[in-house]
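Input: a single structure, listed below in C-alpha coordinates.
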Amino acid sequence: MDKKDYYEVLGVSKTATDEEIKRAFRKLAKTYHPDNKQTGDEAKFKEVGEAYAILSDANKRRQYDQFGHQAFTNNGGANYSGFSAEDIDLGDILHDIFGGGFSGFSGFSGFGGNTRTNSKRPRKGEDSLVNINLTFEEAVFGCKKTITLDLNETCDKCNGVGGFKEKNCSTCGGRGRVITEQNSLFGRIQTEITCQVCGGSGKTYEETCNECNGRGNVKKRKEIEVTIPEGVDTGYQLRISGKGSAGTNGGPNGDIYLEFKVKEHAIFERDDEDIYLSVPLNIVEATLGCKKEIPTLTGNVILEVKAGTQSGEKVKLKGKGIKRVGSIGKGNMYVVYNVITPTKLSMSTKKLFKELAKENLDNEEEIKNFQKYI
(Lines give C-alpha, C1' and ligand atoms only; values in the text may rest on other atoms or scores of the structure.)
Protein backbone atom coordinates (compact mmCIF):
# COMPACT_ATOMS: atom_id res chain seq x y z
CA MET A 1 0.00 0.00 0.00
CA ASP A 2 1.29 3.48 -0.83
CA LYS A 3 2.42 5.54 2.10
CA LYS A 4 0.42 8.55 3.16
CA ASP A 5 1.88 12.00 2.52
CA TYR A 6 3.99 13.01 5.52
CA TYR A 7 2.57 16.54 5.60
CA GLU A 8 -0.94 15.10 5.58
CA VAL A 9 -0.02 12.70 8.41
CA LEU A 10 1.00 15.60 10.65
CA GLY A 11 -1.79 17.86 9.41
CA VAL A 12 0.49 20.70 8.30
CA SER A 13 1.08 22.53 5.05
CA LYS A 14 4.17 22.07 2.88
CA THR A 15 5.31 25.54 3.92
CA ALA A 16 5.03 24.75 7.64
CA THR A 17 7.84 26.02 9.85
CA ASP A 18 9.98 23.72 12.00
CA GLU A 19 8.09 24.91 15.07
CA GLU A 20 4.70 24.17 13.47
CA ILE A 21 5.88 20.66 12.56
CA LYS A 22 7.17 20.08 16.07
CA ARG A 23 3.93 21.37 17.61
CA ALA A 24 1.82 19.10 15.38
CA PHE A 25 3.90 16.05 16.28
CA ARG A 26 3.67 16.79 20.01
CA LYS A 27 -0.11 16.86 19.82
CA LEU A 28 -0.43 13.70 17.73
CA ALA A 29 2.17 11.79 19.75
CA LYS A 30 0.22 12.40 22.93
CA THR A 31 -3.02 11.37 21.22
CA TYR A 32 -1.83 8.11 19.64
CA HIS A 33 0.75 6.90 22.15
CA PRO A 34 -0.11 3.28 23.03
CA ASP A 35 -0.17 4.12 26.74
CA ASN A 36 -3.09 6.47 26.09
CA LYS A 37 -6.05 4.24 26.96
CA GLN A 38 -8.63 6.49 25.26
CA THR A 39 -7.03 7.28 21.89
CA GLY A 40 -3.85 5.17 21.75
CA ASP A 41 -3.06 3.67 18.35
CA GLU A 42 0.38 2.12 17.83
CA ALA A 43 0.15 2.07 14.03
CA LYS A 44 -0.74 5.76 13.83
CA PHE A 45 1.87 6.55 16.48
CA LYS A 46 4.59 4.96 14.34
CA GLU A 47 3.24 6.77 11.29
CA VAL A 48 3.45 10.24 12.87
CA GLY A 49 6.86 9.37 14.30
CA GLU A 50 8.18 8.47 10.85
CA ALA A 51 6.67 11.64 9.34
CA TYR A 52 8.28 13.80 12.00
CA ALA A 53 11.66 12.08 11.63
CA ILE A 54 11.68 13.07 7.95
CA LEU A 55 10.17 16.55 8.09
CA SER A 56 12.18 17.68 11.13
CA ASP A 57 15.46 16.90 9.36
CA ALA A 58 16.28 19.67 6.87
CA ASN A 59 18.18 17.35 4.51
CA LYS A 60 15.60 14.56 4.54
CA ARG A 61 12.77 17.05 4.14
CA ARG A 62 14.47 18.55 1.11
CA GLN A 63 14.83 15.05 -0.44
CA TYR A 64 11.22 14.22 0.36
CA ASP A 65 9.93 17.48 -1.15
CA GLN A 66 11.83 16.68 -4.35
CA PHE A 67 11.35 12.92 -4.72
CA GLY A 68 8.60 11.95 -2.28
CA HIS A 69 8.79 8.54 -0.60
CA GLN A 70 10.99 7.28 -3.45
CA ALA A 71 13.87 9.26 -1.95
CA PHE A 72 14.09 6.66 0.82
CA THR A 73 13.72 3.43 -1.13
CA ASN A 74 16.08 1.46 -3.33
CA ASN A 75 14.01 2.64 -6.27
CA GLY A 76 15.21 6.12 -5.52
CA GLY A 77 18.35 5.42 -7.52
CA ALA A 78 21.13 7.91 -7.02
CA ASN A 79 19.08 9.77 -4.47
CA TYR A 80 18.62 6.76 -2.19
CA SER A 81 19.80 7.73 1.30
CA GLY A 82 19.74 4.29 2.86
CA PHE A 83 17.09 5.45 5.31
CA SER A 84 14.20 3.31 6.46
CA ALA A 85 11.64 3.41 9.25
CA GLU A 86 13.79 0.97 11.21
CA ASP A 87 16.52 3.63 11.38
CA ILE A 88 14.31 6.03 13.30
CA ASP A 89 15.33 6.41 16.93
CA LEU A 90 11.87 7.32 18.13
CA GLY A 91 12.92 7.19 21.76
CA ASP A 92 15.43 9.99 21.14
CA ILE A 93 12.87 11.99 19.18
CA LEU A 94 10.37 11.79 22.03
CA HIS A 95 13.03 12.74 24.55
CA ASP A 96 14.00 15.81 22.53
CA ILE A 97 10.38 16.86 22.12
CA PHE A 98 9.05 16.19 25.62
CA GLY A 99 12.22 16.35 27.70
CA GLY A 100 13.65 13.92 30.20
CA GLY A 101 10.78 14.50 32.60
CA PHE A 102 8.09 13.21 30.26
CA SER A 103 7.75 9.77 31.74
CA GLY A 104 4.67 8.82 29.71
CA PHE A 105 6.85 7.75 26.79
CA SER A 106 9.61 6.05 28.71
CA GLY A 107 8.55 2.51 27.99
CA PHE A 108 7.45 2.60 24.37
CA SER A 109 9.29 0.24 22.10
CA GLY A 110 9.38 2.41 18.99
CA PHE A 111 9.47 0.96 15.47
CA GLY A 112 9.72 -2.77 14.96
CA GLY A 113 9.05 -3.58 18.64
CA ASN A 114 12.54 -2.61 19.88
CA THR A 115 13.58 0.10 22.27
CA ARG A 116 15.98 2.09 20.12
CA THR A 117 16.95 4.87 22.53
CA ASN A 118 20.65 5.66 22.39
CA SER A 119 21.62 6.35 26.01
CA LYS A 120 25.09 7.55 24.94
CA ARG A 121 23.58 10.48 23.13
CA PRO A 122 23.85 13.91 24.82
CA ARG A 123 20.50 14.87 26.28
CA LYS A 124 19.16 18.24 27.30
CA GLY A 125 18.17 18.59 30.97
CA GLU A 126 14.61 18.93 32.17
CA ASP A 127 12.80 22.26 31.85
CA SER A 128 11.15 23.86 34.87
CA LEU A 129 8.03 26.03 35.12
CA VAL A 130 7.77 28.60 37.92
CA ASN A 131 4.60 30.62 38.64
CA ILE A 132 5.22 34.15 39.89
CA ASN A 133 2.67 36.58 41.35
CA LEU A 134 3.23 40.27 40.56
CA THR A 135 1.61 43.50 41.63
CA PHE A 136 0.27 45.76 38.89
CA GLU A 137 3.23 48.12 39.36
CA GLU A 138 5.82 45.30 39.23
CA ALA A 139 4.36 44.08 35.94
CA VAL A 140 4.19 47.57 34.42
CA PHE A 141 7.63 48.83 35.43
CA GLY A 142 9.56 45.55 35.66
CA CYS A 143 11.39 44.28 38.72
CA LYS A 144 13.80 41.70 40.07
CA LYS A 145 12.61 38.53 41.81
CA THR A 146 14.44 35.71 43.54
CA ILE A 147 12.99 32.28 42.76
CA THR A 148 13.73 29.06 44.64
CA LEU A 149 13.51 25.68 42.93
CA ASP A 150 14.96 22.18 43.04
CA LEU A 151 17.18 21.33 40.07
CA ASN A 152 19.22 18.32 38.99
CA GLU A 153 22.91 19.21 39.09
CA THR A 154 25.79 17.13 37.73
CA CYS A 155 27.30 15.08 40.54
CA ASP A 156 30.64 16.61 41.48
CA LYS A 157 31.96 13.42 43.02
CA CYS A 158 31.71 11.21 39.90
CA ASN A 159 31.54 14.01 37.29
CA GLY A 160 28.11 12.81 36.21
CA VAL A 161 29.03 9.26 35.15
CA GLY A 162 27.48 7.53 38.17
CA GLY A 163 30.45 5.44 39.29
CA PHE A 164 34.15 4.68 39.33
CA LYS A 165 36.49 2.18 37.60
CA GLU A 166 34.69 1.94 34.28
CA LYS A 167 34.58 -1.37 32.42
CA ASN A 168 32.73 -2.96 29.52
CA CYS A 169 29.32 -4.30 30.43
CA SER A 170 29.61 -8.07 30.85
CA THR A 171 25.99 -8.60 29.75
CA CYS A 172 26.18 -6.97 26.31
CA GLY A 173 29.96 -7.03 25.83
CA GLY A 174 30.07 -3.25 25.47
CA ARG A 175 27.55 -3.11 22.60
CA GLY A 176 24.75 -1.60 24.66
CA ARG A 177 22.23 -4.00 23.08
CA VAL A 178 21.38 -7.65 23.60
CA ILE A 179 19.53 -10.20 21.52
CA THR A 180 16.67 -12.12 23.08
CA GLU A 181 14.86 -15.15 21.67
CA GLN A 182 11.31 -16.34 22.13
CA ASN A 183 9.02 -18.93 20.58
CA SER A 184 5.92 -17.95 18.65
CA LEU A 185 3.40 -19.48 16.28
CA PHE A 186 5.74 -18.50 13.45
CA GLY A 187 8.80 -20.12 14.98
CA ARG A 188 11.68 -18.78 17.05
CA ILE A 189 12.00 -14.98 16.89
CA GLN A 190 15.11 -12.97 17.74
CA THR A 191 14.69 -9.43 19.04
CA GLU A 192 17.42 -6.90 19.72
CA ILE A 193 16.76 -4.67 22.71
CA THR A 194 18.62 -2.15 24.87
CA CYS A 195 20.75 -3.80 27.54
CA GLN A 196 18.94 -3.44 30.85
CA VAL A 197 22.13 -3.71 32.90
CA CYS A 198 24.05 -0.76 31.41
CA GLY A 199 21.04 1.09 29.98
CA GLY A 200 22.53 0.95 26.49
CA SER A 201 25.80 2.69 27.32
CA GLY A 202 27.89 -0.47 27.04
CA LYS A 203 29.72 0.51 30.24
CA THR A 204 29.34 -0.37 33.90
CA TYR A 205 31.34 0.58 36.99
CA GLU A 206 32.97 -1.53 39.65
CA GLU A 207 31.97 1.06 42.24
CA THR A 208 28.67 2.97 42.28
CA CYS A 209 28.88 6.60 43.33
CA ASN A 210 27.29 6.90 46.77
CA GLU A 211 26.66 10.62 46.31
CA CYS A 212 24.21 10.24 43.43
CA ASN A 213 23.49 6.48 43.75
CA GLY A 214 24.62 5.91 40.18
CA ARG A 215 22.29 8.47 38.60
CA GLY A 216 25.03 10.94 37.69
CA ASN A 217 23.09 13.90 39.09
CA VAL A 218 21.86 15.13 42.44
CA LYS A 219 18.91 17.30 43.39
CA LYS A 220 19.89 20.69 44.77
CA ARG A 221 17.83 23.65 45.93
CA LYS A 222 18.88 26.85 44.19
CA GLU A 223 18.01 30.50 44.44
CA ILE A 224 18.11 32.40 41.17
CA GLU A 225 17.61 36.15 40.75
CA VAL A 226 15.63 36.94 37.62
CA THR A 227 14.96 40.25 35.90
CA ILE A 228 11.34 40.69 34.84
CA PRO A 229 10.97 43.11 31.92
CA GLU A 230 8.47 45.96 31.78
CA GLY A 231 5.02 45.18 30.44
CA VAL A 232 4.44 41.51 31.28
CA ASP A 233 0.84 40.45 31.90
CA THR A 234 -1.07 37.50 33.30
CA GLY A 235 -0.25 34.35 31.31
CA TYR A 236 2.95 35.77 29.80
CA GLN A 237 5.83 33.29 29.83
CA LEU A 238 9.48 34.28 30.05
CA ARG A 239 12.17 31.76 29.12
CA ILE A 240 15.49 31.71 30.98
CA SER A 241 17.74 29.68 28.72
CA GLY A 242 20.19 27.14 30.12
CA LYS A 243 19.38 27.66 33.81
CA GLY A 244 17.34 24.48 34.30
CA SER A 245 18.42 20.99 35.30
CA ALA A 246 21.75 19.64 34.07
CA GLY A 247 21.83 17.55 30.89
CA THR A 248 23.26 14.06 30.61
CA ASN A 249 26.15 12.75 28.52
CA GLY A 250 27.37 16.29 27.99
CA GLY A 251 23.97 17.62 26.92
CA PRO A 252 22.95 21.23 27.63
CA ASN A 253 21.04 22.36 30.68
CA GLY A 254 17.28 22.68 30.47
CA ASP A 255 15.44 25.99 30.54
CA ILE A 256 13.38 27.73 33.20
CA TYR A 257 10.02 29.16 32.19
CA LEU A 258 8.43 31.89 34.31
CA GLU A 259 4.67 32.34 34.05
CA PHE A 260 3.10 35.43 35.58
CA LYS A 261 -0.14 36.27 37.34
CA VAL A 262 -0.69 40.01 37.77
CA LYS A 263 -2.91 41.49 40.48
CA GLU A 264 -5.57 43.94 39.31
CA HIS A 265 -5.15 47.65 40.07
CA ALA A 266 -7.61 49.58 42.22
CA ILE A 267 -8.43 52.21 39.55
CA PHE A 268 -6.54 51.38 36.34
CA GLU A 269 -7.97 48.75 34.01
CA ARG A 270 -5.54 47.09 31.60
CA ASP A 271 -6.19 45.98 28.02
CA ASP A 272 -2.89 44.65 26.62
CA GLU A 273 -0.65 47.74 26.45
CA ASP A 274 -3.50 50.26 26.92
CA ILE A 275 -4.96 51.34 30.25
CA TYR A 276 -8.36 52.84 31.07
CA LEU A 277 -9.27 55.19 33.89
CA SER A 278 -12.84 56.08 34.83
CA VAL A 279 -12.98 59.72 36.04
CA PRO A 280 -16.10 60.86 37.92
CA LEU A 281 -17.53 64.32 37.19
CA ASN A 282 -20.34 65.99 39.08
CA ILE A 283 -23.13 67.48 37.04
CA VAL A 284 -21.77 71.02 37.37
CA GLU A 285 -18.27 70.04 36.21
CA ALA A 286 -19.74 68.20 33.22
CA THR A 287 -22.10 71.05 32.33
CA LEU A 288 -19.81 74.03 32.74
CA GLY A 289 -16.47 72.35 32.13
CA CYS A 290 -13.50 72.41 34.49
CA LYS A 291 -9.89 71.51 35.05
CA LYS A 292 -9.46 68.03 36.53
CA GLU A 293 -6.33 66.53 38.09
CA ILE A 294 -6.02 62.80 37.33
CA PRO A 295 -3.40 60.12 38.04
CA THR A 296 -1.35 58.40 35.31
CA LEU A 297 1.32 55.70 35.49
CA THR A 298 4.02 58.38 35.56
CA GLY A 299 2.39 60.98 37.81
CA ASN A 300 -0.60 63.31 37.96
CA VAL A 301 -1.67 65.53 35.03
CA ILE A 302 -4.28 68.29 34.63
CA LEU A 303 -7.01 67.70 32.02
CA GLU A 304 -9.23 70.40 30.53
CA VAL A 305 -12.80 69.06 30.70
CA LYS A 306 -14.89 70.82 28.06
CA ALA A 307 -18.32 72.21 28.84
CA GLY A 308 -21.19 69.85 28.08
CA THR A 309 -19.17 66.67 28.58
CA GLN A 310 -21.36 63.58 28.46
CA SER A 311 -21.05 60.42 30.50
CA GLY A 312 -19.02 57.81 28.57
CA GLU A 313 -16.98 60.33 26.57
CA LYS A 314 -13.38 59.21 26.15
CA VAL A 315 -10.09 61.11 25.90
CA LYS A 316 -6.85 59.50 24.66
CA LEU A 317 -3.50 60.30 26.24
CA LYS A 318 -1.03 59.00 23.68
CA GLY A 319 1.96 57.03 24.96
CA LYS A 320 0.73 57.07 28.56
CA GLY A 321 0.03 53.33 28.58
CA ILE A 322 2.24 50.31 29.24
CA LYS A 323 5.50 49.45 27.50
CA ARG A 324 5.35 46.54 25.09
CA VAL A 325 7.66 43.71 26.18
CA GLY A 326 10.86 43.80 24.13
CA SER A 327 9.94 47.09 22.47
CA ILE A 328 10.44 50.79 23.12
CA GLY A 329 6.85 51.62 22.18
CA LYS A 330 4.08 52.18 24.71
CA GLY A 331 0.33 51.86 24.59
CA ASN A 332 -2.14 54.66 25.29
CA MET A 333 -4.16 55.76 28.29
CA TYR A 334 -7.88 56.38 27.88
CA VAL A 335 -9.80 58.62 30.28
CA VAL A 336 -13.50 57.75 30.37
CA TYR A 337 -15.75 60.36 31.97
CA ASN A 338 -18.55 59.24 34.26
CA VAL A 339 -21.09 61.98 35.04
CA ILE A 340 -22.55 61.39 38.50
CA THR A 341 -26.20 62.38 39.03
CA PRO A 342 -26.78 63.53 42.63
CA THR A 343 -29.11 61.39 44.75
CA LYS A 344 -29.10 63.29 48.05
CA LEU A 345 -29.94 67.00 47.88
CA SER A 346 -30.34 69.61 50.57
CA MET A 347 -33.43 71.86 50.54
CA SER A 348 -31.43 74.76 49.16
CA THR A 349 -29.97 72.61 46.40
CA LYS A 350 -33.41 71.30 45.47
CA LYS A 351 -34.62 74.89 45.22
CA LEU A 352 -31.79 75.70 42.85
CA PHE A 353 -32.63 72.73 40.65
CA LYS A 354 -36.30 73.75 40.57
CA GLU A 355 -35.31 77.23 39.47
CA LEU A 356 -33.08 75.62 36.87
CA ALA A 357 -35.96 73.50 35.64
CA LYS A 358 -37.86 76.68 34.71
CA GLU A 359 -35.10 77.47 32.23
CA ASN A 360 -35.53 76.30 28.65
CA LEU A 361 -33.43 73.15 28.85
CA ASP A 362 -35.46 71.30 26.25
CA ASN A 363 -33.62 72.85 23.35
CA GLU A 364 -31.05 70.05 23.20
CA GLU A 365 -31.42 68.30 19.84
CA GLU A 366 -31.64 64.80 21.32
CA ILE A 367 -34.40 65.85 23.75
CA LYS A 368 -36.41 67.57 21.02
CA ASN A 369 -36.20 64.54 18.73
CA PHE A 370 -37.46 62.30 21.54
CA GLN A 371 -40.38 64.57 22.43
CA LYS A 372 -41.73 64.40 18.87
CA TYR A 373 -42.99 60.89 19.66
CA ILE A 374 -44.76 61.80 22.90
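The values are calculated or read from the model by the stated rules, or taken from the named source; none is laboratory data. Quick caveat, the model's predicted, so the values are computed rather than measured. When we count neighbours, we look across all protein chains shown, and the Cβ atoms used for this are built from the backbone with ideal geometry, even at glycine. Quick note on the areas: whole protein, heavy atoms, side chains included, nothing else; ligands and nucleic acids left out. Shrake-Rupley method; radii C 1.70, N 1.55, O 1.52, S 1.80 Å.
Does residue 202 meet the test of being crowded, with 18+ Cβ neighbours inside 10 Å, over 33 Å from the mean Cα position of the chain (by Cα) and at positive phi?
Details: crowded, with 18+ Cβ neighbours inside 10 Å: yes; over 33 Å from the mean Cα position of the chain (by Cα): yes; at positive phi: yes.
Yes, satisfied.
Does at least one position in the stretch 73-87 carry a residue that is open to solvent by 30 Å² or more (accessible area, probe 1.4 Å) and modelled with pLDDT of 55 or more? Taking every residue of the stretch 73-87 in turn, at least one turns out to be open to solvent by 30 Å² or more (accessible area, probe 1.4 Å) and modelled with pLDDT of 55 or more.
Out of all the residues in the stretch 307-319, which are open to solvent by 100 Å² or more (accessible area, probe 1.4 Å) and either farther than 25 Å from residue 330 by Cβ or among the aromatic types (Phe, Trp, Tyr) (or both)? Before you say what the answer is, go through the steps one by one.
Let us first name the residues in the stretch 307-319 that are open to solvent by 100 Å² or more (accessible area, probe 1.4 Å), namely 310, 314, 316, 318.
Scanning the stretch 307-319 gives a single hit, 310.
Within the option set 6, 32, 64, being surrounded by 14 or more Cβ atoms within 10 Å (Cβ to Cβ), among the aromatic types (Phe, Trp, Tyr) and under 25 Å from the mean Cα position of the chain (by Cα) holds for one residue only, 32. As a summary of the residue check, residue 15 satisfies the conditions (1) of a type in the set (Val, Ile, Thr); (2) under 26 Å from residue 193 (Cβ atoms); (3) modelled with pLDDT of 80 or more except for the one numbered (2). Please indicate, with yes or no, whether at least one residue in the stretch 299-306 is charged (D, E, K, R), farther than 30 Å from residue 235 by Cβ, open to solvent by 90 Å² or more (accessible area, probe 1.4 Å) and at pLDDT 90 or above. Scanning the stretch 299-306 turns up at least one residue that is charged (D, E, K, R), farther than 30 Å from residue 235 by Cβ, open to solvent by 90 Å² or more (accessible area, probe 1.4 Å) and at pLDDT 90 or above. Listed conditions (1) under 26 Å from the mean Cα position of the chain (by Cα); (2) free of Cβ contacts under 8 Å to residues at least 60 places away in the same chain; (3) assigned to a loop (DSSP other than H, G, I, E, B) are all met by residue 246, apart from (2). Residues in the stretch 136-178 that are within 20 Å of residue 224 (Cα to Cα), open to solvent by 60 Å² or more (accessible area, probe 1.4 Å) and among the basic types (Lys, Arg): 144 alone. Filter the stretch 118-135 for residues that are in contact with an Asp or Glu (Cβ under 8 Å, 6 or more places away or on another chain) and surrounded by fewer than 15 Cβ atoms within 10 Å (Cβ to Cβ); which is modelled with the lowest pLDDT? Among those that are in contact with an Asp or Glu (Cβ under 8 Å, 6 or more places away or on another chain) and surrounded by fewer than 15 Cβ atoms within 10 Å (Cβ to Cβ), it is 129.
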